[in-house]
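See below for the structure under consideration.
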Amino acid sequence: SLQEAIEKFKEYQTLDDKDQIKKDHYLETIGPTTKQIFLALEKLTGFGSPFPAVTCEKCISINHTDLLVPILGRSDFEFGSFSGGVPSPGFFLVELKTIWDRFGKQKKDGSYTLIKAKLPSSPSETHLTQCAFYSSVYDYKFPIYLLYACSDDYEIFDSSNCPGLTKQGLKKNFNKLVSVAKRRERMLLRYNDLTRPEIIRNIVADTDPGFSHPFFWNVGPEF
């Protein structure tokens, strides 16, 4: 599967010289990064033991009483079997985040500075909120691990080294998620009687743009 994905990536048509340099570099680091992911998963499931039953990208929907529409998500890994729809003992969840080297400014010789990927010393609040959503489906009764991996290392956060992954922390972050969803719904209801183009114009006018996002705004200076 890994080799098939790499072959597919090789077909990608680069946009410029910098894009080609990035592509060549990522072709070299996809394999090692994937290896680190499997090392981490083996540690969680027990080295030398076969993996337990695993479900990937499970579609999750929560109909919260305070919201008009469901919250949707897909969990990365759910390890363990189910009996009558209830997880068996030993069940746990894993949320995976990969971190990649970044390319900075161009040097005088035409090359680019390479900013080596670093594993976080503490998890992102956004990632903890995501974990809280998946954990809430099972009433916070089973462990959830937040796994960060780069090309040469990995880091695992859980309830023992991260307050946000304790039962109390997960509940707190899930409540934050619902609060954000409620505010978004209230905003959308303000424009309920407008046309689609009018709704878009009003939402854009009333929200802060995310110009610091690593790729959503990398659309060229003309835009």
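For Leu72, what charge total do you get from the other residues with a beta carbon under 13 Å from its beta carbon, if Lys and Arg give +1 and Asp and Glu give -1? In short, +1.
Radius of gyration (Cα atoms) of segment 20-73, expressed as a multiple of 2.2 N^0.38 Å: 1.83. What the chain shows is 66 Å² of accessible area per residue, with the surface traced by a 1.4 Å probe over protein heavy atoms. Per-residue ellipticity at 222 nm, computed for the chain from helices alone with -39500 (n - 2.57) per DSSP H run of at least four residues, works out to -13000 deg cm²/dmol. Note on segment 74-118: with neighbouring protein chains present and a 1.4 Å probe, carbon and sulfur make up 54 percent of its accessible heavy-atom surface. Across q = 0.20 Å⁻¹, segment 91-223 modelled as identical point scatterers on its alpha-carbon atoms has Debye log10 I(q)/I(0) values of -1.12, in the order of the q list.
Taking max minus min of the alpha-carbon positions on each principal axis, segment 48-148 gives extents of 64, 46, 22 Å, largest first. Largest accessible area first, the listed residues Cys56, Cys162 line up as Cys56, Cys162 when surface is computed with a 1.4 Å probe on the assembled protein chains. With R₀ set to 22 Å, the beta-carbon distance separating Asp16 from Lys107 gives a calculated FRET efficiency near 0.85. Between Pro143, Pro163, Pro89, the GNM of the chain built on Cα springs shorter than 10 angstrom shows Pro89 fluctuating the most. Listed by chain and number, the aspartates and glutamates whose alpha-carbon sits under 17 Å from that of Lys105, ignoring those within fewer than 8 places in the same chain, are Asp16, Asp17, Asp19.
Taken about its Cα centre, the chain carries a charge dipole of roughly 620 debye when the Cβ of each Lys and Arg holds +1 and the Cβ of each Asp and Glu holds -1. Using alpha carbons only, the radius of gyration of the chain set against its Kirkwood radius gives Rg/Rh = 1.01. Between the beta carbons of Trp217 and Lys43, assuming R0 = 45 Å, the FRET efficiency works out to 0.75 to the nearest 0.05. Computed from the Cβ-Cβ distance with R0 of 30 Å, the FRET efficiency linking Ser61 to Ser1 stands at 0.65.
The values are calculated or read from the model by the stated rules, or taken from the named source; none is laboratory data. Since the structure is predicted, the reported quantities are computational estimates derived from the model, not experimental observations. Because the Cβ atoms are built from the backbone with ideal geometry, glycine has one as well, and the counts that use them run over all protein chains shown. Each accessible area value is taken on the protein alone, full model and side chains, heavy atoms only, with ligands, DNA and RNA left out. Shrake-Rupley method; radii C 1.70, N 1.55, O 1.52, S 1.80 Å.
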